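The values are calculated or read from the model by the stated rules, or taken from the named source; none is laboratory data. No experiment lies behind these values; they were computed from the predicted model shown. Positions of Cβ are generated from backbone atoms using ideal geometry, with glycine treated the same way; all protein chains shown enter the neighbour counts. Heavy atoms of the whole protein, side chains included, go into the accessibility calculation; ligands, DNA and RNA do not. Shrake-Rupley method; radii C 1.70, N 1.55, O 1.52, S 1.80 Å.
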Amino acid sequence: IEAGQTPDDLAAVAELPLPDTVRQAVQTRLSRLGSQARQVLETGALLRAPFGFDLVQQTAGRRKMETMDALDELVARYLLVEQPSGYRFRHDLIRQATEAALSPVRCQLLQRRAGRALERLAPDAVVEVAHHFDAGGEPKKALHYHVLAAQKAEAVFAWREAEQHQSRILGLLDQLDPTCSQPASLAQRGQVLAGRAHQRFLQGRFAERDADLEALAALAEVGDDDDLRQQALLHQT
């Protein structure tokens, strides 16, 4: 990070569309790849760097020697860099262009496979697993791991990170149970809203805390749930 830059500044730059000249130059290089190397590169574009051999091999669904040959080709063509900790893209523009060229269906499939591979290889990497299942269109799996990620962040008082996961939990619950007709879903919504309200109170963000408590009270009325009403009243004191 250069002087004066924040992580948010870098994230905003990363979201800018690639110039056509850059995109075309990268696509020209990618068009020269064999199908195995191209598939492995596409897989790597969706993984957190540095990514290990086992993860990219299981996500890509290639045999071990096919994956190894593909990685060797990608390193030889200066698209990837091999390090003791794994592989990374030589430049993030290559990764961006590779990801941008993926069809939505292929991208979703690879994200789903990455989530399943990480479940086996690194089950404690709950943030990454949640991301992959979310992007892979598996809301129930994503919900489970966002809950674990929120708990992990709360344990080390990483309130902002916990809040990001809590907000996504609420979004996924809206997707899975839009009418709030399932008691378990209703209770989970209430738990998340109450927890987030308490965290915002500890940070002195009282207006946002009050908004969560209002949402909690409204949820109690929708579900006609006395437990949720009591939670809303408890956190107001």
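Results, tabulated for the structure shown:
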read-out	value
Leading residue at positive end of dipole, the chain (Cβ point charges), from A130, F53, L172	F53
Length-normalised contact order for the chain - Cα pairs under 8 Å, 6+ apart - percent	11 percent
Accessible area of the range 130-222 divided out per residue, in Å², using a probe of 1.4 angstrom	50 Å²
Helical mean residue ellipticity (222 nm; -39500 (n - 2.57) per DSSP H run of 4+; nearest 500) of the chain	-23500 deg cm²/dmol
Value in Å of the Kirkwood radius, where the range 26-181 supplies the Cα pairs that are averaged	16.5 Å
Modelled FRET efficiency - R0 35 Å, R48 with F206, Cβ distances, 0.05 increments	0.45
Solvent-accessible ranking of E128, E99, largest area first, probe 1.4 Å	E99, E128
Percent carbon-and-sulfur accessible area, the range 166-237, ignoring ligands, DNA and RNA, probe 1.4 Å	55 percent
Label point 7 Å beyond Cα of K152 along Cβ direction - residues of the range 194-219 with amide nitrogen under 20 Å	196
At least 20 Å along the helix axis (C-alpha) and Kyte average at least -1.0, DSSP helices within the chain	104-121, 139-155, 159-176, 183-202, 206-223
Whole-percent carbon and sulfur share, accessible surface of the range 31-150, 1.4 Å	51 percent
Size of electric dipole in the range 75-226: Cβ of Lys, Arg +1 and of Asp, Glu -1, about Cα centre, debye, nearest 20	1020 debye
Positive minus negative residues near D212 (Lys, Arg vs Asp, Glu; Cβ under 12 Å)	+1
